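Below is one structure, written out as structure tokens, with a few remarks after it.
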Amino acid sequence: MRREEPGSAASGLILTLACAAQFMVVLDVSVVNVALPAIQSSLGFEASDLPWVAGAYTLTFAGFLLLGGRLADLFGARRVFLAGLALFAMPSLVGGLSTTAGLLIAARAAQGLGAAVLAPATLTILTTTFPEGPRRTRALATWTAVSLAGGASGNLIGGVLTQSLSWRWILLINVPIGAAAAALAVRVPPGRPAARTPRLDLPGAASATAGLALLAYAIMQAGPRGWDDPVILAALAAAVVLLAGFVLVETRLARDPLIPPRLFRLRAITAGNAVMLLAGACFQVPMWYFLTLYMQDVLHYTALQTGLGFLPHTLLTMAVGLRVTPWLMRRTDDRTLVIAGALTAAGGFLWQSHITADSGYLFGVLGPAVLISVGGGLLNTPLTATVTSGVAERDAGAASGLMNTAKQVGGAVGLAVLTAAVAGRASTPHALAAAYGDAFLIMSVMLVVIAAVSLALPARRSG
């Protein structure tokens with residue numbers, strides 16, 4: 001898509017489309033969680049296969065993100081955006097109408113592929129539409145806040161749809177939203193034509209996709225199987241070989257690399273994605289996972305009550321991300337805000353680590369939510385602005401894919417490590433609360449590490 005001039009009427013439409021699509025993608029990471037019992041009963045899932053309803057989506061999403069990001073650079077963001085919408089909405093329809101467990105898992109995997117194409121395209125559209133400065137800051141703040149809200153509200157939306165209609169609607173709802181977004185997207189002007197015929201880096205795409213998919217698989221299965229399981233060890237070894245081959249292809253062989261090595265000469269890219277990887281290991285998936293377990297297993301909330309319990313996280317994150325952070329970004333550098341956000345969230349997770357079976361909602365969930373949400377709202381927008389800054393338009397998709405990959409891999413690794421760290425505890429409410437508290441304590445320590453690593457970020461002001 002072309003870069004819009006300030007005040008262009010099309011820019012508002014582009015921002016709305018990008019945010020709506022990103023909301024769908026992030027929502028589907030968590031929306032199935034509270035519907036799993038209903039899905040198991042409806043389709044006769046074996047207990048051992050049920051995690052693949054979420055895992056199939058996560059696996060293909062993480063595996064194809066680098067490829068999805070580069071497609072936007074080579075074939076145009078609008079074209080890839082529309083393709084991603086189709087790849088996401090059509091499997092949603094199939095999944096919502098599934099009559100067998102296998103068909104639902106296949107549909108979820110195809111959804112993940114669509115998400116991997118769509119998510120980088122939404123960020124590429126914004127960074128190539130809005131030039132660096134206050135307008136891009138506001139656009140990225142909106143995109144980031146909507147992303148965080150999509151994940152945090154997944155449990156609520158999933159609970160409402162499952163309880164009031166059917167579990168099928170957690171997937172079917174994507175179809176009309178995707179169709180409406182596609183109808184609006186065709187009205188947006190296409191980007192400039194490529195200066196030469198694009199050539200997709202197929203060896204790089206194959207090695208990166210297979211390597212990341214195997215890495216995600218090993219991490220997901222390490223909990224139930226154990227890290228010393230031969231299958232896990234073989235998957236990890238194959239992932240290392242494939243990813244090493246990817247580095248060789250990118251640096252020595254590819255004419256149009258999937259991730260151009262020149263990107264890593266930018267300190268904002270290297271340090272920024274290291275911070276993004278670590279932040280992904282705390283926020284979003286790991287936080288939602290353990291907080292959901294605490295509310296359901298210890299406080300004995302229903303699915304709908306658990307979803308409502310996340311509402312303060314959603315509202316506070318959006319309020320800080322949309323209003324406070326852009327204002328602060330005009331007055332201080334992004335690195336300072338990332339550090340301040342990490343330390344604020346670290347305080348929230350430290351508070352959260354003191355939960356007990358008797359904490360209740362006010363002190364066990366709501367109080368820590370204030371600090372965690374304020375910290376996340378302060379951290380995410382300036383970090384996103386940093387890792388997409390100074391990137392030429394021809395590499396915007398690659399940078400977006402790299403950022404999304406760092407976030408997803410960080411979340412998967414963080415969840416696996418934290419789950420292993422608290423495994424084997426007794427199942428009484430007091431023991432579970434203590435185990436989940438330990439997970440939150442580890443997140444608090446990691447956020448202090450994030451603040452230290454963030455010192456390597458360039459001191460730049462994007463607002």
(request) Could you point to the residue in V422, N155, G390 farthest towards the positive end of the chain's charge dipole, with +1 and -1 charges on the Cβ of Lys/Arg and Asp/Glu respectively? (result) G390
(message) Would you report the distance distribution of C-alpha pairs in the stretch 366-411 as whole percents per 10 angstrom bin, up to the bin with the largest distance?
(response) 24, 41, 25, 9, 1
(request) Would you mind checking the stretch 197-226 for residues with the amide N under 16 Å from a putative spin-label position 7 Å along Cα→C-beta of A238? (result) 206-222
(message) Can you give me the convex hull volume of the Cα atoms of the stretch 1-127, divided per residue and expressed in Å³?
(response) 94
(request) Estimate the FRET efficiency between T100 and D256 by the formula 1/(1 + (r/R0)^6), using the beta-carbon distance for r and 51 Å for R0, to the nearest 0.05. (result) 0.80
(message) Suppose every Lys and Arg Cβ carries +1 and every Asp and Glu Cβ carries -1, with no other charges. What dipole size does the chain come out with about its Cα centre, to the nearest 20 debye?
(response) 1600
(message) Restricting the calculation to Cα positions, tell me the Rg (one decimal) and the Dmax (whole number) of the stretch 109-258 in Å.
(response) 20.0, 56
(request) Could you grab the Rg to Rh ratio for the stretch 413-462? Cα atoms only, Kirkwood for Rh. (result) 1.21
(message) Given contacts defined as C-alpha pairs under 8 Å and at least six residues apart, what's the relative contact order of the stretch 37-154, whole-number percent?
(response) 31
(request) Provide the FRET efficiency to the nearest 0.05 for the L200-A319 pair, computing r from the beta carbons and using R0 = 51 Å. (result) 0.75
(message) Using just the Cα positions, wrap the chain in a convex hull and report its mean projected area in square nanometres, one decimal place.
(response) 20.0
(request) Compute the Kirkwood hydrodynamic radius of the stretch 332-430, taking the inverse of the mean of 1/r over all pairs of distinct Cα atoms, and give it in Å to one decimal. (result) 16.0
(message) Considering just Cα atoms, how many Å³ per residue does the convex hull of the stretch 279-368 enclose?
(response) 93
(request) Kindly state, to the nearest 0.05, the FRET efficiency for Q305 paired with F363, given R0 = 30 Å and r defined as their beta-carbon distance. (result) 0.95
(request) For the stretch 378-444, just the Cα atoms, rotate onto the principal axes and tell me the three extents in Å, largest first. (result) 55, 22, 13
(message) Counting only Cα atoms, I'd like the Rg/Rh figure for the stretch 283-325, Kirkwood definition for Rh.
(response) 1.07
(request) Note down the relative contact order for the chain as a percent, whole number, built from C-alpha pairs under 8 angstrom at least six residues apart. (result) 23
(request) Of the options A106, L36, A268, report the single residue whose Cα projects farthest towards the positive end of the charge dipole of the chain (beta-carbon charges: Lys, Arg +1; Asp, Glu -1). (result) A268
(request) Compute the Rg to Rh ratio over the stretch 220-322 from the alpha carbon atoms, using the Kirkwood formula for Rh, and round to two decimal places. (result) 1.12
(message) For the chain, what does the helix formula give at 222 nm: sum of -39500 (n - 2.57) over DSSP H segments with n ≥ 4, over the residue count, nearest 500 deg cm²/dmol?
(response) -23500 deg cm²/dmol
(request) Could you pull out which residues in the stretch 137-174 have an amide N less than 17 Å from a spot 7 Å beyond the Cα of S41, following the Cα-Cβ vector? (result) 158-170
(message) Please identify the DSSP H helices in the chain that span no less than 18 Å along the helix axis (Cα) and have a mean Kyte-Doolittle hydropathy of 0.5 or more.
(response) 9-30, 52-75, 77-96, 101-129, 202-225, 230-248, 267-280, 334-352, 367-387, 396-421, 429-453
(request) Return the tail of the calculated pair distribution for the stretch 211-275, meaning the percent of Cα-Cα pairs more than 13 Å apart. (result) 69
(request) Pick out, from T137, F88, L316, the residue whose Cα sits farthest towards the positive end of the charge dipole of the chain, with +1 on the Cβ of Lys and Arg and -1 on the Cβ of Asp and Glu. (result) T137
(message) Modelling each spin label as a point 7 Å along the Cα-to-Cβ direction, I'd like the E393/R330 distance in nm, to one decimal.
(response) 2.6
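Values quoted throughout were computed directly from the atomic coordinates according to the rules given, and no laboratory measurement underlies them. Not measured: the values here are computed from a predicted model. Every residue, glycine among them, receives a Cβ derived from its backbone with ideal geometry; neighbour counts consider all protein chains shown.
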